[in-house]
1. State the volume of the convex hull built on the alpha-carbon positions of the range A:324-408, expressed per residue in Å³ and rounded to an integer.
2. Karplus couplings for the range A:310-315 from phi (6.51 cos²θ - 1.76 cosθ + 1.60, θ = phi - 60°), rounded to Hz, Gly and Pro as x?
3. Compute the semi-axes of the equivalent ellipsoid of the range B:57-140, taking the square root of 5 times each eigenvalue of the Cα gyration tensor, and list them largest first in whole Å.
4. Equivalent ellipsoid semi-axes for the range A:54-163, as square roots of 5 times the alpha carbon gyration tensor eigenvalues: give them largest first, rounded to whole Å.
5. Angle, helix A:3-40 long axis vs. longest principal axis of chain A, Cα atoms, 0 to 90°, nearest 10?
6. In whole Hz, what ³J(HN,Hα) sequence does the range A:333-344 give by Karplus (6.51, -1.76, 1.60; θ = phi - 60°), x for Gly and Pro?
7. Over the Cα atoms of the protein assembly as shown, how large are the radius of gyration and the largest Cα-Cα distance (Dmax), in Å?
8. Modelled label-to-label distance, A:Ala91 and A:Trp152, 7 Å Cα→beta-carbon offset: nm?
Amino acid sequence: MTLGGTFRRLRDAAVYSATSLATGLACLLAIPVLLLSGVLCLLQVGVYLLPPQLRWLGRWTDFERRRAGKRLGRTIPGHEVRPRRLPELLAERSTRRDLHWLPAGGFLGTLHGLAGFALTLLPLGALFSAGFWWVFPAGEPATVAGVPLDSWGAALGFGLPQALVVTVLAVVLLPKVADGSAKISARLLARSERDELSERVETLQVSRAGAVDAHGAELRRIERDLHDGTQARLVSIAMRLGLAERELDRDPQAVATLLAEARTGAEDAMTELRGVLRTMYPPILADRGLEGALSAVAARSVVPVELSIGELDEIAAPIEAAAYFVVTEALTNVAKHSGAASVQVTVTRDVDVLLAEVVDDGCGGVDEALGTGVSGMRRRLAALDGTLKVTSPLGGPTRILLEVSCGS
Amino acid sequence: MRIVIVEDNVLLAEGLRHLLTSSGHEVVAWVEDADAFVAAVAEHRPDVSIVDVRLPPTFHDEGIHAALRVRRARPGAPILVLSQYVEETYAGELLSDGHGGVGYLLKDRVARVEEFLDALQRVAAGGTAMDPEVIAQLLTRSHDPLAALTAREREVLQLMAQGYANGEIAGKLVITERAVHKHVGNIFAKIDLPPSDSGHRRVLAVLAYLG
């Protein structure tokens with residue numbers, strides 16, 4: 001190991017220790033504040049005081065996660081979007097992890113910081129007393145193991161070896177202490193495997209319930225469309241045909257009118273049925289798969305589309321349909337609202353995750369609260385345990401990224 | 001006319017056969033899949049074939065592929081494709097070989113017997129019959145360059161794209177053929193297309209422009 005490398009390692013470890021000392025002391029201060037706010041919950045005041053404090057603690061632990069993660073050469077996932085209300089905050093596992101970490105961060109952090117401090121200062125002190133023994137007043141010289149350093153002989157014979165020993169100790173121990181402290185932080189702040197599994201189960205339960213809901217709503221919609229539309233039209237056609245049959249001998253003119261009406265009714269019924277079928281599963285998707293269907297959509301788009309599609313292999317029908325729906329909806333939105341001159345649609349598959357991205361060069365500023373378009377996309381994807389990321393700063397560009405697992 | 005029907009649904013095939021024979025046409029063969037279609041065309045050399053898009057074994061878009069196969073073997077063989085839904089992509093594929101004698105209609109159109117037979121006649125004669133819905137899809141897409149057209153010119157353009165000749169357009173819009181001729185001239189001038197009188201070439205020009 002080079003001298004420069006050693007020096008850098010020492011410097012990093014010293015900086016880490018110093019930061020630990022600072023955060024540790026801050027933790028020790030934060031504990032009583034949080035406890036007090038907790039007690040104030042009895043008087044309702046704490047209910048308003050705690051959430052900002054907990055969110056702030058979250059930002060702080062995220063900093064700690066990044067710091068420890070960097071030291072250990074891995075990433076420790078931090079908080080995602082935080083809820084605003086106290087019960088929801090407290091229900092989060094990540095909040096509980098933060099609180100769990102706090103005392104450890106306080107005491108161990110402070111201890112580690114002090115140790116780091118000592119390990120940094122000791123070699124400097126020892127070197128100083130060996131080289132500058134003559135600065136000390138003659139009455140009270142610096143001592144090494146009881147031997148006073150009052151001559152160059154003593155300084156070189158005892159002072160220098162001591163400085164060497166202490167330096168070696170610092171070089172070896174300082175990084176180790178920092179690593180140990182980072183490991184403890186990481187262990188407390190990272191999700192445990194059990195937590196990860198439980199959280200996964202929770203999201204799956206939610207998305208499964210969403211899927212069942214979405215499926216139920218879809219069935220009801222199809223039933224209503226067929227019942228109110230197609231079925232009613234068929235009844236009216238049958239009635240007209242029956243009437244025509246009765247009028248056959250008496251009034252040929254009336255028969256002609258009834259037949260024409262029956263035919264128009266049949267045409268309407270077919271148009272309507274086509275509409276229902278299209279919303280259930282677009283026929284072009286059945287015919288040409290996702291790639292062909294998206295090419296057709298791209299060709300039909302008012303705003304020119306640059307479409308690139310990677311190797312997709314076999315994808316389950318509901319996932320294809322959802323991806324098709326989202327891209328179609330996104331392109332409709334682009335045409336309606338963005339004022340874009342071109343759109344890029346990229347669909348790829350990364351092992352068993354299907355990724356679809358729609359990026360336009362329009363004016364941005366998509367507000368999910370206003371339109372139902374994006375929430376409709378989210379609902380459709382939530383049913384498949386997929387996610388949708390929308391970034392749309394004012395002035396553009398708008399970027400919509402769909403991620404859904406298509407593994408078997 | 002001597003006609004081949006390619007349709008796997010017995011109900012629809014019977015209906016078509018009934019409609020055609022009662023209108024004085026002869027159904028020389030009724031087959032259910034693409035291979036049989038190719039063989040039937042080779043054997044009977046029909047005036048026109050009516051093909052369903054969805055055919056066995058996969059019930060996807062075999063009808064389109066079968067039509068293209070037949071026309072590769074016999075360029076210009078008149079084929080009318082019927083479908084439960086229309087997709088402009090398919091229309092483009094059918095028209096891509098540049099020969100006339102192509103039709104692409106929704107199955108619903110069969111209900112208007114006279115218009116359907118008319119379209120069939122047109123296809124058999126080497127013309128074109130495009131479903132109004134295909135044209136509508138194309139028109140919604142590239143509306144900007146068409147902004148210069150008047151409402152009447154748009155109507156004429158739609159009918160022209162479906163494959164109608166000037167005389168038929170005049171009849172449908174209840175105007176004189178001379179007026180139609182003038183509108184067509186204006187349309188071609190406004191959208192910068194070389195004027196053309198031959199039926200399917202006219203459609204191709206319009207569709208190529210819209211596409």
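Here, each number is a calculation from the coordinates, and none is a lab measurement. Fair warning: this is a prediction, and the values are worked out from it, not measured in the lab. Here the Cβ positions follow ideal geometry from the backbone for every residue, glycine too, while neighbour counts run over all protein chains shown.
1. Enclosed volume per residue, from the Cα hull, is 79 Å³.
2. x, 5, 10, 6, 7, 10
3. Semi-axes (√(5λ), whole Å): 18, 16, 13.
4. Numbers: eigenvalues 520, 36, 17 Å².
Semi-axes (√(5λ), whole Å): 51, 13, 9.
5. 70 degrees
6. Values, residue by residue: 4, 4, 5, 7, 10, 7, x, 6, 9, 7, 10, 10 Hz.
7. 39.1, 140
8. Going from the A:Ala91 label point to the A:Trp152 one covers 7.8 nm.
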